[in-house]
Amino acid sequence: MTCDRLSAVSPVSSFSFLMYSFRLPILCVLLPAAVLAGCDTTATPPEDSQVVVESYQKANAPLDTVWLSRTVGAREAITPEEGAVENADVEIKNLDNGNTTPYTETSTAGVYVPQASSPPTVTPQTSYQLQVETTDGQPVTSMTTVPDAFTLENVENTTTVFQNTTKQPSFVIDPPRAESQQYEPARQNVYFFTVKVPSGTALDASELTPFYRASYDADEDSLSSFRINSSGLLNQANFSSSGDQVRVDLPWIGVAFFGTNEVGINLVDDNYYDFLRSEAAQGSVPPGEFPNVIEHVEGGTGIFASYVQKKDTIQVQCVEKFLGGDSTCP
Amino acid sequence: MHSRLGFVLSLLVPALLWTAPVTAQDAASLRGYVRAADTGETLLQANVVVKGTSQGTATNNDGYYTLPSLEPGTYTVVFSYVGFQTRTEEVTLAAGEGKRFDVELTPTKVQTEEVVVTGEEQDEEIEQQLGTDQLQTADVTELPSVLEPDVFRSLSLLPGVTTASDYSSNLYIRGGSPDQTLVQLDGTTVYNPTHFFGFFSTFNPDAIKDVQLYKGAYPAEYGGRLGSVVSIYNKEGNRRETTGGFSLGLLASRAYVEGPYGGSDDDPAGSYMVAVRRSTLEPVLAALRSTDADGIPDSFSFYDVNAKVTYNAWPDDKASLSFYGGQDFLEISPQAASQFDVNYGNQTVSADWTHLFGDQVFSTLRVTGSRYKSTPEAEAGGTSFTQENGVRDLSLDADVEYTPSETHTVKGGLASSLLSFSLRNTFDGTETFDQTLTAQSAAVYVEDTYEPNSTWTLKGGLRGTYFSGGNFWRFSPRLSVDYNLTSSVQLQAAYGRYHQFLTLETSQLFTAFDTWFMSDTGVAPSYGDQVALGVKANLGRGVQLEVEGYGRTMRDLFQQDPFRADDAGVSYADQFRFGDGRAYGVEVLLRRQEGRLGGFLSYTLGRTERRFPNINTSENGDPQYYPPNYDRTHSLTLAAKYKLTDAWRLSSTFNYNTGRAYTEPSQRFERNNGPGQSGPQGDNTFLSAFNSARLPAYHRLDVGVARTGQFFGVADYELQFQVINAYARRNVWFYQFPTDPDGTIERTEVPQIPVPIPNLSFSLTF
């Protein structure tokens, strides 16, 4: 067909001609439409409630409590009594020596503690397996390997003035060698830090440091939610090292209250590491996206983790003039 | 390595040295520039057709055309370009003559409509390549826009192109993320083409002459991105007279001046253009601050400057120097004892020299530099956080376009660049991360366009790239076939393999944190294949129909691992997660570019998916595909302009999209007893299928009216009034799931532009 012939026909008839002549190519380009309509690869949302495990085994401390509950619909209220998994068989097995510690449910539903009055002490570099069987016969298991212990060699500036940039509380630790750890896959030591007003100390909003004082809304916030301030996960490579020792300076943003604070340095196992890093991703990826947490619980979900903790107490004194704005001391 | 280099050279050298088939000694040729009559600006991709023969071509990206191997005689040559009156010229060529024939086309805006729509229009051949589109300044400025005319937002109206939200101008093309699109300004890569933290793009419409979009299956002269290319060309400046203008808008004000210099009035030595833009938000911010509203910045501003000077050294030599600089500044105190400052921007410079070797070889030598730097700083409770994020790119490109015969056009070239990406973080005065990545890349390409007759056009190309980071060699074949069933109907098919050595980390919310990373040892480049099939037809009366289907693969995608909480001490390769993706769809575009009523209707049916570890794992632990949040199944756009009278113009755009993919949490639990937890509320953990839900459908209508006329006889004015989101559609941007004081989770929606927004602008051109 020549140019002249086509220009002689009307737009409508040329469109009809187009449709008729190009059935095959049009089919080719429309084929993906059929594929789109017929192929849905989207994953199915989890609708059924799952058993939730929560337990944190601290090295060189007695075997810790196990909390058992069930997941709820995302926008349903969580009621501890209704959500508790009661009457389950719970035990923790030391995989290195084969000893099993049976647990018993306390008067609080879903809270299980070792039956023995003097439960075994959690040993560094030892693997423990949690074994749960619910009343409907559902097995739930998880295994943790406790990190190697470390020592707190020195603490400097235990009494200091808030925001003193030259006298921050400083912790010198002798961390375990990475090769002595049983991380899978291999990685460096990873810590999180806690700054805690000791239990039993009354909390006073007037003793909040300026940043937290500005964040605190008495009508909406519970002051107790500020009692423990926790960092995110931090690789050991963040800290300055001298020989085999590592120095950690406490950042002032970690201190929520003036006065006495317990600073904890926590070295985490793989379960804790995977859970916290993926839990953090639920709040950091583009809004509206929630990747699932990486957990190591078979037959349920949650966390059965272990860690090594060293802590010391510091005194933080108030100053009249703060960086980033004026405030008043209590 | 040497054997691979030899392989590339063995392909390249014969192609570049390939001589034409034996032609008659008396063969003549026609060549020259096609320019706009009113400004002297060259017109890129203008059509040049020799009537009654099979010969036709398009001007290159410098506005230059070549028609070789013409028999002696007299020809009718038709020059055409969208928005300009078609011009027909009788040209007589003597035996062996190589005639330089520069042509000027008159803009249709100074013609009446009856002249614009001519019978000849239906005879024009379609020369547009598969997957390409082109925008001119009027396309950007005449359609309604949010606060400020924007190139990227105009591109997003086209089928297969979308943005993440009303607040983001980053382009998502054919299922690709923004880093899969190569964005170039006068041949210089722009690494963060955003202002206002992503709200709109950096490109000032006053400075722009032409925008070319390759949505996919792009030719071998481009490389380095998996998906697409946006190539933007600044104006060279008016070669006829000194002109200028300024515009006052709610968000920003603009001014520009351009004109000839040196030489004579008829033949100036060259031309220049300077365009500046600055935000004018200070009064609005001051008014908002006086209301004690939360979250109002202490200060916010941005500016950009575009400048270009062109020098016509000799008839066959032209040099140009182009510069862009832009910067954004923000200072905000989110709450007491906290402060956040950020300062980010791009600078580019490009020096070009074009030279004609005889009548068959057009060459370009280009040196470019591009820099991006962002320095966010925060202070909270006496603890400081800082980041220095930088990109530097110094490149040298050489391209040759050789037209040995009427059937072959060979292009080839070399491209080399020095890349440096740096990222340094400090926390509490201590450096926590310091990484500088450097690499050299070198690419060589060759491409032949073979037109054996008037119906078939075959274009084959091969691009070889060496990337020093990780010592990678990659080869990318490209092939496209066009078949003109009639002069008005064209069938097209294309295939290409593409490699990408870079990846962009972006939050999609705040582009000042955007960070580039590159391939290196243990981080292989991404690659993918693209196929596309298309039908293009002129339906008469200036109406064009385009239907294209595409399919893409994306392999070895690398992204910063979102599950890695801290990169300190982590090897470079371990900072990433690796996955793959795919995208496929159909695009339909019905367009009328001429006449009193113009515009287009576009529709896209598409899907894009990704697969990465630990996302939507199946029973056996393998990850499953999921749609990224910019996946849209259906996308429909209607853009229309109607010229009521010579003075009044109406415009409107309507857009409908399937809602974005998002994650609707289906189950949750609380942790209450960890050593880092205070209570009384626990930390929520959601269980969900990743991005398996959809937000409500998005739709929005924007309308505008413009009046043009004479401003006291000294200038032309245009007064525009527009209403964005005319019927107040409350489109959802995303959902949040905050915990209420009673411990329950509530779903709250964060809207996109929720209310009608009026926009008033006034422009003068003199």
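For B:T748, the conditions (1) free of Cβ contacts under 8 Å to residues at least 24 places away in the same chain; (2) touching a Lys or Arg at 6+ places or on another chain (Cβ under 7 Å); (3) β-branched (V, I, T) are fulfilled apart from (2).
Please enumerate the residues belonging to the stretch B:671-691 that are out of contact with any strand residue (DSSP E or B) (no Cβ under 7 Å at 6 or more places or on another chain) and at the interface with another protein chain (Cβ under 7 Å from one of its Cβ atoms). Lay out the reasoning, then the answer.
Kept after step one, since they are out of contact with any strand residue (DSSP E or B) (no Cβ under 7 Å at 6 or more places or on another chain), are these residues of the stretch B:671-691: B:672, B:679-680, B:688-689.
Residues satisfying the conditions are B:G679, B:P680, B:S688, B:A689.
For the stretch B:659-677, the tally of residues that are surrounded by 20 or more Cβ atoms within 10 Å (Cβ to Cβ) and of a type in the set (S, T, N, Q) stands at 3. For the stretch B:559-592, the set of residues classified as facing another protein chain (nearest Cβ under 8 Å) and in contact with a Gly (Cβ under 6 Å, 6 or more places away or on another chain) consists of B:A565, B:Y584, B:G585, B:V586, listed by residue number.
Is it fair to say A:N154 is within 20 Å of A:A280 (Cβ to Cβ) and part of a strand (DSSP E or B)? When the stated conditions are applied, A:N154 does not pass them. From the list A:L250, A:L233, the lone residue that is touching a helix residue (DSSP H, G or I) at 6+ places or on another chain (Cβ under 6 Å) and within 10 Å of chain B (Cβ to nearest Cβ) is A:L233.
Does the stretch A:91-111 include one or more residues that are away from every other protein chain (no Cβ under 11 Å), surrounded by 15 or more Cβ atoms within 10 Å (Cβ to Cβ), at positive phi and at pLDDT 90 or above? Scanning the stretch A:91-111 turns up at least one residue that is away from every other protein chain (no Cβ under 11 Å), surrounded by 15 or more Cβ atoms within 10 Å (Cβ to Cβ), at positive phi and at pLDDT 90 or above. The residues in the stretch A:106-134 that are among the hydrophobic types (A, V, I, L, M, F, W, C) and free of Cβ contacts under 8 Å to residues at least 24 places away in the same chain can be counted, and the count is 1.
Among the residues making up the stretch B:268-297, those that are in a loop (DSSP other than H, G, I, E, B) and surrounded by 11 or more Cβ atoms within 10 Å (Cβ to Cβ) are B:P268, B:A269, B:T280, B:L281, B:I296, B:P297. Can you say whether B:T438 is over 30 Å from B:Q387 (Cα atoms) and touching a strand residue (DSSP E or B) at 6+ places or on another chain (Cβ under 8 Å), as far as the supplied structure shows? No: the conditions fail for B:T438.
Can B:S253 be described as free of Cβ contacts under 8 Å to residues at least 40 places away in the same chain and farther than 30 Å from B:G461 by Cα? For B:S253, the condition - free of Cβ contacts under 8 Å to residues at least 40 places away in the same chain and farther than 30 Å from B:G461 by Cα - is met.
The conditions of being surrounded by 14 or more Cβ atoms within 10 Å (Cβ to Cβ), closer than 25 Å to B:G259 by Cβ and modelled with pLDDT under 90 are met by B:G83. Taking the criterion of being farther than 18 Å from A:S142 by Cα and touching a Lys or Arg at 6+ places or on another chain (Cβ under 7 Å), the residues of the stretch A:53-106 that qualify are A:V72, A:A74, A:R75, A:G83. Selection within the stretch B:589-617: residues that are within 22 Å of B:R552 (Cα to Cα) and touching a helix residue (DSSP H, G or I) at 6+ places or on another chain (Cβ under 9 Å). The member of this set that is surrounded by the most Cβ atoms within 10 Å (Cβ to Cβ) is B:G606. Just give me the residues in the stretch B:371-386 being touching a residue at least 60 places away in the same chain (Cβ under 8 Å) and either closer than 18 Å to B:S417 by Cα or in contact with a Leu (Cβ under 8 Å, 6 or more places away or on another chain) (or both), in sequence order. Scanning the stretch B:371-386 gives a single hit, B:Y372. Within the stretch A:193-230, restricting attention to residues that are within 23 Å of the chain's Cα centre (by Cα) and either farther than 23 Å from A:F258 by Cβ or basic (K, R) (or both), the residue that is surrounded by the most Cβ atoms within 10 Å (Cβ to Cβ) is A:K196.
A residue that is on the phi < 0 side of the Ramachandran plot, free of Cβ contacts under 8 Å to residues at least 24 places away in the same chain and part of a strand (DSSP E or B) cannot be found anywhere in the stretch B:484-503.
Could you say which residue among B:R668, B:R694 is at the interface with chain A (Cβ under 7 Å from one of its Cβ atoms) and basic (K, R)?
Details: B:R694 fails: at the interface with chain A (Cβ under 7 Å from one of its Cβ atoms).
Going through B:R668, B:R694 in turn, the sole match is B:R668.
Rundown of residues vs (1) within 24 Å of B:N629 (Cβ to Cβ); (2) free of Cβ contacts under 8 Å to residues at least 12 places away in the same chain; (3) of a type in the set (A, V, I, L, M, F, W, C); (4) not in a strand (DSSP E or B), yes/no style:
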site: B:N691; (1), (2), (3), (4): yes, no, no, yes
site: B:G713; (1), (2), (3), (4): no, yes, no, yes
site: B:L719; (1), (2), (3), (4): no, no, yes, no
site: B:P758; (1), (2), (3), (4): no, no, no, no
site: B:S761; (1), (2), (3), (4): no, no, no, no
site: B:L764; (1), (2), (3), (4): no, no, yes, no
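Looking at the stretch B:530-541, can you tell me whether even one residue there is out of contact with any helix residue (DSSP H, G or I) (no Cβ under 7 Å at 6 or more places or on another chain) and either assigned to a loop (DSSP other than H, G, I, E, B) or not assigned by TED's automatic domain parsing to the domain that holds B:D328 (or both)? There is no residue in the stretch B:530-541 that is out of contact with any helix residue (DSSP H, G or I) (no Cβ under 7 Å at 6 or more places or on another chain) and either assigned to a loop (DSSP other than H, G, I, E, B) or not assigned by TED's automatic domain parsing to the domain that holds B:D328 (or both).
For (1) of a type in the set (D, E, K, R); (2) on the phi > 0 side of the Ramachandran plot; (3) buried (at least 24 other Cβ atoms within 10 Å of the Cβ); (4) not in a strand (DSSP E or B), each residue gets a yes or a no:
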site: B:S169; (1), (2), (3), (4): no, no, yes, no
site: B:Y172; (1), (2), (3), (4): no, no, yes, no
site: B:N192; (1), (2), (3), (4): no, no, yes, yes
site: B:D206; (1), (2), (3), (4): yes, no, yes, yes
site: B:L226; (1), (2), (3), (4): no, no, yes, yes
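Listed here are the strands (runs of 3 or more DSSP E) enclosed by the stretch B:333-434 that have at least 2 residues being touching a helix residue (DSSP H, G or I) at 6+ places or on another chain (Cβ under 9 Å) and either away from chain A (no Cβ under 12 Å) or surrounded by 17 or more Cβ atoms within 10 Å (Cβ to Cβ) (or both): B:338-357, B:383-402, B:408-427. Within the stretch B:746-756, restricting attention to residues that are under 31 Å from the mean Cα position of the chain (by Cα) and assigned to a loop (DSSP other than H, G, I, E, B), which residue is nearest to B:L248 (Cα to Cα)? The selected residue is B:P756.
B:Y550 fulfils the conditions (1) in contact with a helix residue (DSSP H, G or I) (Cβ under 6 Å, 6 or more places away or on another chain); (2) within 30 Å of B:S80 (Cβ to Cβ) except for a single criterion, (1).
Exactly one condition in (1) within 14 Å of another protein chain (Cβ to nearest Cβ); (2) over 23 Å from A:V268 (Cβ atoms); (3) in a strand (DSSP E or B) is false for A:P46; which is it? A:P46 satisfies all of (1) within 14 Å of another protein chain (Cβ to nearest Cβ); (2) over 23 Å from A:V268 (Cβ atoms); (3) in a strand (DSSP E or B) except (3).
Out of curiosity, is A:N154 closer than 22 Å to A:E298 by Cα and among the polar types (S, T, N, Q)? Spelling it out, it is not the case that A:N154 is closer than 22 Å to A:E298 by Cα and among the polar types (S, T, N, Q).
For B:G743, indicate whether it is without any contact (Cβ under 8 Å) to a residue 12 or more places away in the chain and assigned to a loop (DSSP other than H, G, I, E, B). Steps first, answer last, please.
Details: without any contact (Cβ under 8 Å) to a residue 12 or more places away in the chain: no; assigned to a loop (DSSP other than H, G, I, E, B): yes.
For B:G743, the condition - without any contact (Cβ under 8 Å) to a residue 12 or more places away in the chain and assigned to a loop (DSSP other than H, G, I, E, B) - is not met.
The values are calculated or read from the model by the stated rules, or taken from the named source; none is laboratory data. None of the values given here were measured: they were computed from a predicted structure. Heads up, the Cβs are rebuilt from the backbone with ideal geometry, glycines too, and the neighbour counts pull from every protein chain shown.
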